[in-house]
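Trainee: Following this message is one structure expressed as structure tokens.
The values are calculated or read from the model by the stated rules, or taken from the named source; none is laboratory data. This structure is a prediction, so every number in the text was calculated from the model and none was measured. Positions of Cβ are backbone-derived with ideal geometry, glycine not excepted, and every protein chain shown enters the neighbour counts. Please note that ligands, DNA and RNA were not included when accessible areas were found on the heavy atoms of the full protein model with its side chains. Shrake-Rupley method; radii C 1.70, N 1.55, O 1.52, S 1.80 Å.
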Amino acid sequence: KVSFLSWHMMNIFIWPTQGNLVCHITLHLILLSFLSAPVVTILSKSHADRNVYPSAGVLFVHVLEREYFKGEFPPYPKAGDSSNDPITFNTNLKGYPDRPGWLRYIQRTSHSDGVLYGSPTAEHVGKPTIIEITAYNKRTFETARHNLVINIMSTEEFPLPYQAEFFIKNINVEEMLASEVLGDFLGAVKNVWQPERLNAINITSALDRGGRVPLPINDLKEGVYVMVGADVQFSSCLREVETPQNQLRCSQEMDPVISCDKKFRAQFHIDWCKISLVDITKVVPVHSNRPDLGTGVLPDIGEYNPPSESLKSRDYFADFLITLAVPSAVALVLFIILGYSLCCRREGVEKRNMQTPDIQLVHHNSIQKSTKELRSMSKNREISWPLSTLPVFHPVSGEVVPPIHPDNYETTSMPLMQTQTNLQSQIQIPQQQSSGK
């Protein structure tokens, strides 16, 4: 349909000299062809560029809605099923792999919307910033892309002279970027500060300031820094944190006493020890002397002249002595000293015996002989017992007399030598009684 219309429009501009009659006839042909041609639907995979016009020095927030991109992907096979595809976004400056330095992006899960946010400065005024947004469907593995053109406008009231930065502990950055939550916070600040103009300048996650990821317990939040600007002096309530009493409480990690904290406490838990009040009219500007950037082209210094092929010979004997000969000589000397100490300085057995007293040698010799005798006798424990140790009958009573060494005795507990006294105490043979008694 579009191509047919374009072809007839080309006819109008090709024959301008044929007069208005030819143009009217051609327009009638267009209408007849449009009414009689069948309707053809063509799904495009790219959107037209979207233009936004943020102001310099004011917070810019752009939500990447998943519903906006769902029409670009095929629906579920079954009709009537709710489409809840996991969609993620990738954003980058056109022609570059990343976003500008002032622009941030966050998306918690693939089932939530993405958010672009940041605060442009006066340096970006008049420079259109084209952001390429690519949506990736994890179910169908298809992508859709469109461009976001950010046209930064200048404002007369930029920058606001009095700026205050609050740290809110119970809110994440994506929750604070919601318009209703940010509006409630600005309303609470305006109620305390009472300015004529109040703007949100910037929002930063606590993680970007070096904060830690909270534990997934008790619904803990990461926290967010919110900077606002106004055109009047700071109120007395905001100045209360600068009193010596509150500074002392902050140094002791205690909450300061702020009279207007109850106006925020219902929804926002503010860490008053981390509040920052800046009056930019009193800030001394620091100008850094930057070097002038050149064109990036090296100056013309003529052609390159390589060294000649006839190079002078070099003597490496001195290098050899320094790197190999000297360390080897030192190692050899140390080896000789160590060998002499270990091998040539031994006393020997004869010299040792000559310096030992005679009585100590006699004692040592006797102990050595006793040890050898005990070891030789211990080797003979495993031989069979003699016949005299077997059980015998008593010659008078007929009772069984136990042997000297029963079988249930442990060989390790038996003495190596049996004396005559021990043998008589172990076996007592009863004497034969006389016939008169």
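Trainee: Restricting attention to region 85-100, report how many residues are without any contact (Cβ under 8 Å) to a residue 40 or more places away in the chain and open to solvent by 80 Å² or more (accessible area, probe 1.4 Å).
Mentor: So the answer is 3.
Trainee: Still on this structure, please answer the following. Taking Gly210 as the residue in question, decide whether it is free of Cβ contacts under 8 Å to residues at least 12 places away in the same chain and either out of contact with any Cys (no Cβ under 6 Å at 6 or more places or on another chain) or farther than 26 Å from Gly57 by Cβ (or both).
Mentor: Here the answer is yes, as Gly210 does meet what is asked.
Trainee: Something else now. Does region 252-273 contain any residue that is within 29 Å of Leu177 (Cα to Cα), assigned by the TED database to the domain that holds Asn170 and touching a Ser or Thr at 6+ places or on another chain (Cβ under 6 Å)?
Mentor: No: zero hits.
Trainee: Take Phe158 and decide whether it is touching a helix residue (DSSP H, G or I) at 6+ places or on another chain (Cβ under 7 Å) and under 30 Å from Arg239 (Cα atoms).
Mentor: Yes: the conditions hold for Phe158.
Trainee: Separate question: Only residues that are within 20 Å of Gly57 (Cβ to Cβ), without any contact (Cβ under 8 Å) to a residue 40 or more places away in the chain and either open to solvent by 20 Å² or more (accessible area, probe 1.4 Å) or not assigned by the TED database to the domain that holds Met176 (or both): list them for region 187-207, please.
Mentor: The answer is Lys190, Glu196, Leu198.
Trainee: If I go through region 109-153 residue by residue, how many of them are open to solvent by 60 Å² or more (accessible area, probe 1.4 Å), polar (S, T, N, Q) and either assigned to a helix (DSSP H, G or I) or out of contact with any strand residue (DSSP E or B) (no Cβ under 7 Å at 6 or more places or on another chain) (or both)?
Mentor: Count: 1.
Trainee: Quick one: is Thr134 under 35 Å from the mean Cα position of the chain (by Cα), farther than 30 Å from Pro75 by Cα and of a type in the set (Val, Ile, Thr)?
Mentor: Answer is no for this residue.
Trainee: Criterion first (open to solvent by 50 Å² or more (accessible area, probe 1.4 Å), out of contact with any Cys (no Cβ under 9 Å at 6 or more places or on another chain) and in a helix (DSSP H, G or I)) does Ser328 satisfy it?
Mentor: Yes: the conditions hold for Ser328.
Trainee: Shifting gears a bit: Could you list, in sequence order, the residues of region 154-180 that are part of a loop (DSSP other than H, G, I, E, B) and in contact (Cβ under 8 Å) with a residue 40 or more places away in the chain?
Mentor: Ser154, Thr155, Glu157, Phe158, Pro159, Leu160, Pro161, Lys169, Asn170, Ile171, Asn172, Leu177
Trainee: Out of all the residues in region 236-252, is one or more in contact (Cβ under 8 Å) with a residue 40 or more places away in the chain, surrounded by 10 or more Cβ atoms within 10 Å (Cβ to Cβ), of a type outside the set (Lys, Arg) and within 29 Å of Val58 (Cα to Cα)?
Mentor: Yes - at least one qualifying residue is present in region 236-252.
Trainee: For region 260-288, enumerate the residues that are open to solvent by less than 90 Å² (accessible area, probe 1.4 Å), among the hydroxyl-bearing types (Ser, Thr, Tyr) and modelled with pLDDT under 90.
Mentor: Selection gives Ser288 alone.
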